[in-house]
Amino acid sequence: MATISSDTLFHFTSSLENLLNIIENDFIPSYTIETISHISKGDSEPAFAFPMLCFCDIPLSQIHNHLEIYGNYGIGLRKEWGAKNNLNPILYLRKNSNLSSSIKKIVEGTDGNKLEDEIFDVLRYLKPYKGSLDGKSHKFYDEREWRYSPVRSSETPIVMESKHVKNETDFFNKASNILKENHTLKINPDDIKYLIVSSEDEIHEIIESISEIKGDEYTSNQMKLVNSKVISIDQIKADF
């Protein structure tokens, strides 16, 4: 029977530099702008920024379309790592469905800051079933997204207006520094199942780079273990 979901949580990015930054500094959440058109009135598309890290559990045999959008460099981590760090699959909503309508009524009836924060706690784990991505129609449901978003606290805003992110205001910069200081998700060598580069020519390059940035931290056996996880997109397309 074909595999529907993977036992691995993947995070893809657009460059080798970005991937090496994750290996060196672990996962640092960032504020990402999300539209909530699936529970909005009429044709409006209100947008908010939530702190998050995004992953998917798409099997490598079905990953090709995902790579075209998010990039040919990635890291695959055990789902046990995701459970330990409180990742959760997000909920996809079809606009005008009964569930969307019910959530919309709750949002419209919100009164008071405490309840609003609780509503945003839910909204940051919702995404439209389909919508627009880079100006094109896109079915987000196919992404099988798992998401990490930090626990709400007085120091960590769980939501901000999108203008703060677009303009990189002082409010945004302060909140981003707090995310880095308090909500970084650490990656241990045993957590890694795959390190993915675009071509086989880059395999030696990433192995050398990992040795440079982690040589004083990883043991010899840990370094060998991590190096054994490196695979290229060329190999995935040929063998999966």
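For this structure, a couple of remarks:
- Qualifying residue in region 147-170 (condition: modelled with pLDDT of 90 or more and among the hydrophobic types (A, V, I, L, M, F, W, C)): no
- Residue check, SER211 more than 24 Å from ILE33 (Cβ to Cβ) and surrounded by 13 or more Cβ atoms within 10 Å (Cβ to Cβ): yes
- Close pairs (8 angstrom Cβ cut-off, 6 or more residues apart or separate chains): more than 28 Å from ILE75 (Cα to Cα) in region 166-187, of a type in the set (A, V, I, L, M, F, W, C) anywhere: PHE171/MET160
- Meets criteria (surrounded by fewer than 20 Cβ atoms within 10 Å (Cβ to Cβ), farther than 21 Å from ASP121 by Cα and over 19 Å from the mean Cα position of the chain (by Cα)) for ASN188: no
- As a summary of the residue check, LEU123 satisfies the conditions (1) at pLDDT 85 or above; (2) more than 27 Å from LYS95 (Cα to Cα); (3) surrounded by 13 or more Cβ atoms within 10 Å (Cβ to Cβ) except for the one numbered (2).
- Filtering region 175-190 to residues that are under 15 Å from PRO157 (Cα atoms), assigned to a helix (DSSP H, G or I) and not hydrophobic (A, V, I, L, M, F, W, C) leaves SER176, ASN177, LYS180, GLU181, ASN182.
- Residue in region 29-52 that is within 16 Å of the chain's Cα centre (by Cα), surrounded by fewer than 20 Cβ atoms within 10 Å (Cβ to Cβ), assigned to a loop (DSSP other than H, G, I, E, B) and at pLDDT 95 or above present: no
- Scanning region 152-172 for residues that are more than 20 Å from the chain's Cα centre (by Cα) and either exposed (fewer than 12 other Cβ atoms within 10 Å of the Cβ) or not in a loop (DSSP other than H, G, I, E, B) (or both) yields SER153, SER154, LYS163, HIS164, ASN167, GLU168, ASP170, PHE171.
The values are calculated or read from the model by the stated rules, or taken from the named source; none is laboratory data. None of these values were measured; they are calculated from a predicted model. Every residue, glycine as well, gets a Cβ built from its backbone with ideal geometry; the counts of neighbours run over all protein chains shown.
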